[in-house]
Every structure is written in C-alpha cells, then in structure tokens.
Amino acid sequence: MKGAPRKTALITGGSGGIGLELAKVLARNAFDIVLVARKRDTLEAAAGQLEGKFNITAHVFAADLRRREAPQAIFDFLRNENIPIEILVNNAGFGLGGEFADTDLDRELEMIQVNIAALTQLTKLFLPAMIKRKSGRILNVASTAAFQPGPLMSVYYASKAYVLSFSEALSEELRDTGVTVTALCPGPTKTDFAATAQVGHSRLFTLFGVADAASVAEFGFRAMMQGKRVAIPGIRNKLVAESHRFFPRNLVTRVARMAQEKR
Ligand SMILES: NC(=O)c1ccc[n+]([C@@H]2O[C@H](COP(=O)([O-])OP(=O)(O)OC[C@H]3O[C@@H](n4cnc5c(N)ncnc54)[C@H](OP(=O)(O)O)[C@@H]3O)[C@@H](O)[C@H]2O)c1
C-alpha cells in the first residue's frame, strides 16, 4: 500500500448501535479502526464488514468496560501492537430506567464505571501521545440527558451530565494544542439502548420520532472533525438542550420525568 500510513480510530461499544455507525463513517473516511466491546463474535463480524466494504484494517479487542482493569488492557494491547490512536471515540454506555429507590445498585455502579470511569481513564491514557503529536480528536458520546436531571433514570442522566461537563472543560484546557474534544449529545436513537435500559415504553421513545443511528453518527463525525465542543443532532434535541435557559429547572425536571414515564 503506497502513501502515508492510515490513521487509526478506537471506538468503544463499536460492535453495534451508534458506535458501529461511527466506525462505518470513520472507515469510509479512510481511518483504520479498533473496535472494543464485550462479545468477540459480534466484534469480529463488525470488523469483517468494515474491512470488506471500506478497504481498511479493523482490529478488535474484547473487553468489558465494567471491569476497572479494562481501559489499561486496551491501552497496553495497542501499545504492544504499535498502533497509535489518532481518534478516541468513547461511545460505550448504557442506561437503566426506574425509581432510584427500586433500581439495582450493582447495575448503577457498573453504569458509573462504564459511562464515567472508563471514559475518563481511556482519555487519560490516550491523551498524552495526542498532545505530544499535536494531533488528535476525542469524541465522547453524551446525550441530551446531559442537560437536565432525569427522574426515573436519575443515574444515567447524571452520568451524561458528567460526560458533557468533563468534555467541555477538557476541550478548553486543550485549546491550541492540536487536540480537540467533542461531546456528541444524541436524543432518542434507534439502537438496542432502550431495550437494555428498559425504557422502550417511555414517552421519550414512543411519542415522537426516534433518530437513526447512521445519521447521528454522520453528524457526530462532522462535528468532531470540525473540532466542535458540543454537537446536538436535530432541532428538537437542540430545543430540549436549551430549554433549561428559558424555564425554571424544577419545571424542566418535571417535564423530563413525564418524558421518562410510560405512555
Ligand atoms: N440510543 C439512544 O437513544 C441514545 C441516546 C443518547 C445517547 N446514547 C448513548 O450512545 C452510546 C451508544 O449507545 P447505543 O444506543 O449505540 O447502545 P447499544 O445499541 O446498546 O450499543 C452499545 C454498544 O456498547 C457495547 N457495550 C455495552 N456494554 C459494554 C461494556 N460493559 N463494555 C464494553 N462494551 C460495552 C455493546 O457491545 P457488547 O454488548 O458486546 O459489549 C455495543 O457495542 C451510549 O453511550 C449511550 O448512552 C444513546
């Protein structure tokens, strides 16, 4: 293969949903890919699909980001394979619906580990080389849930508020370094997310349209390449994100509760 070596993008949760669509957009734009998720067979099928269609190299690393040692294992694998990461996409994440008094604490602590701790640790591990190279992009998948409290899904909403706040702060710290950080904030999107979180019957997922993962990914990719700090796909989602500016927070929180309730 002639020309400059291709750059590589690492995508957590890259075997399905928004992560796989992000991997497809990146592959279409000539990035080699590293996919991380738990199920090796799904990962390998996704990698095969990408290699067959886009003429790139797709590596897989099976890891469970609920485990504290997983981010370091991913980093060590790539360092041993001598694969520098130009783009880090922290996409893996999940939610859980229900009243906090009733929900499963273990599941919520795992959620905090995946949505917050693993994202933070992966950023910590991959950032120094990006700064040294004066080149790199980080795309953190937050949510419109980041903009207000979310009764009946309280830990998930709070976890995404962390992702948004962390990404914006880091983006400012990295100004003029050649490294950018973008928080992608999708609204309800057609993936396995709602079923996993047991919120498929909520008003949020049934009352209005649900976006398709491919267009969310395309939007996120473009925003990341432009170095945008926050990327909210769709007019309705932008309005949701801005609503706390115009209405009292208590009201916004009650509306969020209504959106999370069953239809
Ligand atoms: N869909 C929505 O409505 C929506 C809206 C806003 C934000 N988001 C955010 O978008 C991101 C992607 O969600 P999605 O909708 O694409 O969900 P999804 O369809 O359920 O996909 C989740 C991906 O993450 C992987 N994953 C799950 N748990 C993991 C773990 N413990 N360790 C490693 N990988 C894991 C899954 O593969 P394995 O099961 O094989 O591990 C899969 O590849 C999440 O951060 C979510 O919070 C989603």
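What to note about this one:
- Mean Cα-pair separation over length for the chain, i.e. relative contact order, pairs under 8 Å, 6 or more apart, %: 19
- Largest-first principal axis extents of the Cα set of region 106-173 (Å): 43, 24, 14
- Couplings 3J(HN,Hα) for region 20-29, derived from phi with the Karplus relation 6.51 cos²θ - 1.76 cosθ + 1.60 (θ = phi - 60°), are 5, 5, 5, 4, 5, 5, 5, 5, 4, 9 Hz, where x marks Gly and Pro.
- Note that region 224-237 has calculated 3J(HN,Hα) couplings of 4, 5, 7, x, 5, 7, 10, 10, 10, x, x, 4, 4, 5 Hz, one per residue in order, obtained from phi through the Karplus relation 6.51 cos²θ - 1.76 cosθ + 1.60 (θ = phi - 60°); glycine and proline are x.
- Net +/- balance of residues flanking F205 in space, Cβ distance below 13 Å, scoring K and R +1, D and E -1: +2
- Under 5 Å from the amide H of K7 lie the amide H atoms of D32, each residue being 5 or more positions distant or on a separate chain, with H modelled from the backbone and absent for Pro and chain starts.
- By the equivalent-ellipsoid construction on the alpha carbon gyration tensor, region 4-55 comes out with semi-axes of 17, 11, 10 Å, ordered largest to smallest.
- The angle between the Cα long axis of helix 119-133 and the longest principal axis of the Cα atoms of the chain comes to about 40 degrees, rounded to the nearest 10.
- On the principal axes of its alpha carbon atoms, the chain extends 58, 40, 32 Å, with the longest extent given first.
- Length-normalised contact order for region 1-140 - Cα pairs under 8 Å, 6+ apart - percent: 25
- Net charge of neighbours whose Cβ lies under 11 Å from the Cβ of T8, counting Lys and Arg as +1 and Asp and Glu as -1: -1
- Relative contact order computed over region 20-77 (Cα-Cα under 8 Å; 6+ residues apart), in percent: 33
- When each of the peptides 10-22, 172-184 is scored by the mean number of other C-beta atoms lying within 10 Å of its residues, the order from highest to lowest reads 10-22, 172-184.
- From most to least packed by mean Cβ count within 10 Å, the peptides 237-244, 109-116 give 109-116, 237-244.
- Ranked order, M224, M258 - accessible area, probe 1.4 Å, largest first: M258, M224
- For F94, the residues whose modelled amide H falls within less than 5 Å of its own, excluding neighbours fewer than 5 places apart on the same chain, are N115.
- Close amide H contacts of T189 (hydrogens built in the peptide plane, cut-off under 5 Å, sequence separation of 5 or more or a different chain): A211.
- Cβ-based net charge around A217, under 13 Å, with every Lys or Arg adding one and every Asp or Glu removing one: +1
- Whole-Hz Karplus values for region 191-208 come out as 8, 7, 3, 4, 5, 4, 7, 6, 10, x, 9, 5, 4, 3, 9, 10, 7, 10 Hz, taken residue by residue from phi with 6.51 cos²θ - 1.76 cosθ + 1.60 and θ = phi - 60°; glycine and proline positions read x.
- For the chain, the longest principal axis of the alpha carbon atoms and the long axis of helix 40-54 meet at an angle near 60°.
The values are calculated or read from the model by the stated rules, or taken from the named source; none is laboratory data. Everything numeric here is computed off the predicted structure, so don't read it as measured data. Using ideal geometry, Cβ is built from the backbone for each residue, glycine included, and neighbour counts are taken over all protein chains shown. Accessible surface areas use protein heavy atoms only, side chains included; no ligands, DNA or RNA. Shrake-Rupley method; radii C 1.70, N 1.55, O 1.52, S 1.80 Å.
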